[in-house]
Amino acid sequence: IQEDIVLVPQTVVTSYVHDTAFCPGCQCQVIHPLEGELPFAPIGPNAKATALYLRHTLKVPYRKITETMGTLFGIDFVPASILGFEKRAGVNARPIHQDLIEKIRVANLVHADETHWREDGKNCWLWYAGNESLAVFRIDARRSSEAAKSLLGEKLDGLLVTDAYAAYNAIDCAGGRQSCLAHILRKSKDIGEELALIDEADAPSVRFCQSLSSLFKEACAAVVPKQMEARRKLVGRLRKKLGLICRKPLAFEKAETLRKRLIPTSREYPQLFAFIEHDGPPTNNHAERSLRPLVIFRKVCMGTRSATGSENISIFGSLTQTAALQGAKVIDMFRALFQSSPTHAQDVIFGSQTEPILSG
């Protein structure tokens with residue numbers, strides 16, 4: 001038994017015939033789309049959905065998409081046509097993107113991170129907020145607290161997990177704030193490796209890095225108790241160990257800087273073990289993994305050329321990744337964006353049992 005594919009299938013050309021009808025109010029001609037039809041469009045929804053799937057899921061450049069469509073499907077159009085596909089799909093996609101932002105602001109858990117982006121040769125930032133069910137991207141020219149609030153809002157209901165970047169301090173986190181312990185572990189490891197290269201390195205600094213790594217590895221591996229009182233005892237025990245590790249100043253400057261981040265008077269201190277108190281994750285690895293596809297895409301395309309291109313990356317990146325997290329077929333989501341209303345496309349992403357789209 002052998003399976004194979006047809007490399008150049010025949011493109012289907014359909015002629016749609018409509019009765020003539022006019023609006024009794026404005027006297028304009030009215031056309032009711034038939035099944036599978038996009039009115040006044042020479043290219044159908046399946047081809048357009050495939051092109052956007054190649055662009056925003058597989059991260060294929062525009063010119064490669066036209067080559068692929070011509071080679072595999074025998075349908076020809078210019079790369080600029082794909083911009084038109086994005087513009088049309090964006091009409092229905094934009095309200096869903098705004099709805100995802102509203103949903104993430106009331107989620108029980110939110111991971112957030114940002115990475116470098118280029119727009120028309122200028123430095124910008126790609127922001128991410130999401131969890132195991134939702135993903136939202138937004139490209140902003142700023143890497144500031146205002147940019148963080150434009151995505152996350154002034155206040156979050158759930159636990160916010162981030163690195164130690166100060167922009168997130170502007171967010172009022174009702175469910176607590178967790179600083180990524182993986183970042184601290186990497187910082188401690190880097191300092192320890194630097195100390196290993198120094199003859200007669202400061203011994204207390206070396207012990208500090210070793211003890212700190214052991215403590216946070218223990219914290220990451222800890223089983224969070226269900227009872228709140230047991231959680232408080234676990235946090236108290238870990239803080240006591242941390243206090244012993246950080247009790248004395250260190251001679252090595254980088255180790256001392258790290259130590260000052262972890263003492264009770266620092267801003268980051270309450271965020272170190274919040275994951276135990278609020279039953280969340282100790283690291284922000286989820287956000288870094290979620291950003292990875294667009295980071296790879298950035299290396300391929302070198303960023304975007306305009307604000308419209310950045311908006312398309314933000315919107316369709318959010319929808320495709322959310323659809324994948326929800327177990328939906330991304331190609332069906334793109335087809336729904338062309339053929340029907342935002343509500344129907346949202347149903348494809350979340351299933352038929354979905355809440356109405358929240359207003360912007």
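The values are calculated or read from the model by the stated rules, or taken from the named source; none is laboratory data. This structure is a prediction, so every number in the text was calculated from the model and none was measured. Heads up, the Cβs are rebuilt from the backbone with ideal geometry, glycines too, and the neighbour counts pull from every protein chain shown. Calculation scope for accessible area: heavy atoms of the full protein, side chains included, ligands and nucleic acids excluded. Shrake-Rupley method; radii C 1.70, N 1.55, O 1.52, S 1.80 Å.
Being outside any helix (DSSP H, G or I) and either touching a residue at least 12 places away in the same chain (Cβ under 8 Å) or surrounded by 14 or more Cβ atoms within 10 Å (Cβ to Cβ) (or both) is a property that does not hold for Arg259. The set of residues in segment 127-154 that are charged (D, E, K, R) and either part of a loop (DSSP other than H, G, I, E, B) or in contact with a Lys or Arg (Cβ under 8 Å, 6 or more places away or on another chain) (or both) comprises Glu132, Arg142, Arg143, Glu154. Only residues that are open to solvent by less than 20 Å² (accessible area, probe 1.4 Å) and over 32 Å from the mean Cα position of the chain (by Cα) were counted across segment 177-208, and they come to 3.
Restricting Ser314, Ser290, Ser306 to those that are of a type in the set (Ser, Thr, Tyr), touching a residue at least 24 places away in the same chain (Cβ under 8 Å) and farther than 19 Å from Glu114 by Cα reduces the list to Ser306.
Within segment 21-33, the residues that satisfy the criterion of being open to solvent by less than 100 Å² (accessible area, probe 1.4 Å) and either touching a strand residue (DSSP E or B) at 6+ places or on another chain (Cβ under 9 Å) or within 15 Å of Ser341 (Cα to Cα) (or both) are Ala21, Cys23, Cys28, Val30, Pro33.
Test Leu294 against the criterion of being open to solvent by less than 40 Å² (accessible area, probe 1.4 Å), part of a helix (DSSP H, G or I), closer than 30 Å to Thr57 by Cβ and touching a Leu at 6+ places or on another chain (Cβ under 8 Å), and give yes or no. It is true that Leu294 is open to solvent by less than 40 Å² (accessible area, probe 1.4 Å), part of a helix (DSSP H, G or I), closer than 30 Å to Thr57 by Cβ and touching a Leu at 6+ places or on another chain (Cβ under 8 Å). Within segment 67-95, residues that are touching a residue at least 12 places away in the same chain (Cβ under 8 Å) and farther than 17 Å from Phe334 by Cβ have Cβ atoms under 6 Å from residues that are assigned to a helix (DSSP H, G or I) and among the basic types (Lys, Arg) in these pairs: Pro79/Arg63, counting only partners at least 6 apart in sequence or on another chain. Of everything in segment 55-86 that is open to solvent by 20 Å² or more (accessible area, probe 1.4 Å) and among the aliphatic types (A, V, I, L, M), the residue that is farthest from Glu311 (Cα to Cα) is Leu72. Beta carbons closer than 8 Å, at least 6 apart along the sequence or on distinct chains, pair a first residue in segment 342-360 that is open to solvent by less than 50 Å² (accessible area, probe 1.4 Å) with a second that is among the hydrophobic types (A, V, I, L, M, F, W, C) and modelled with pLDDT under 90 for Pro342/Ile357; Gln346/Ile357. Comparison of Ala107, Ala112, Ala89 shows that the only residue that is farther than 18 Å from Arg305 by Cα and in a loop (DSSP other than H, G, I, E, B) is Ala107. Exactly one residue out of Val60, Val106, Val110 is within 20 Å of the chain's Cα centre (by Cα) and free of Cβ contacts under 8 Å to residues at least 12 places away in the same chain, and it is Val60.
Residues in segment 78-103 that are under 17 Å from the mean Cα position of the chain (by Cα) and of a type in the set (S, T, N, Q): Gln98 only.
Return a yes/no flag: does segment 299-319 have any residue that is out of contact with any strand residue (DSSP E or B) (no Cβ under 9 Å at 6 or more places or on another chain), among the polar types (S, T, N, Q) and either at pLDDT below 95 or in a helix (DSSP H, G or I) (or both). Taking every residue of segment 299-319 in turn, at least one turns out to be out of contact with any strand residue (DSSP E or B) (no Cβ under 9 Å at 6 or more places or on another chain), among the polar types (S, T, N, Q) and either at pLDDT below 95 or in a helix (DSSP H, G or I) (or both).
Among the residues making up segment 135-149, those that are open to solvent by 10 Å² or more (accessible area, probe 1.4 Å) and either in contact with a Leu (Cβ under 6 Å, 6 or more places away or on another chain) or over 19 Å from Pro293 (Cα atoms) (or both) are Arg138, Ile139, Ala141, Arg142, Arg143, Ser144, Ser145, Glu146, Lys149.
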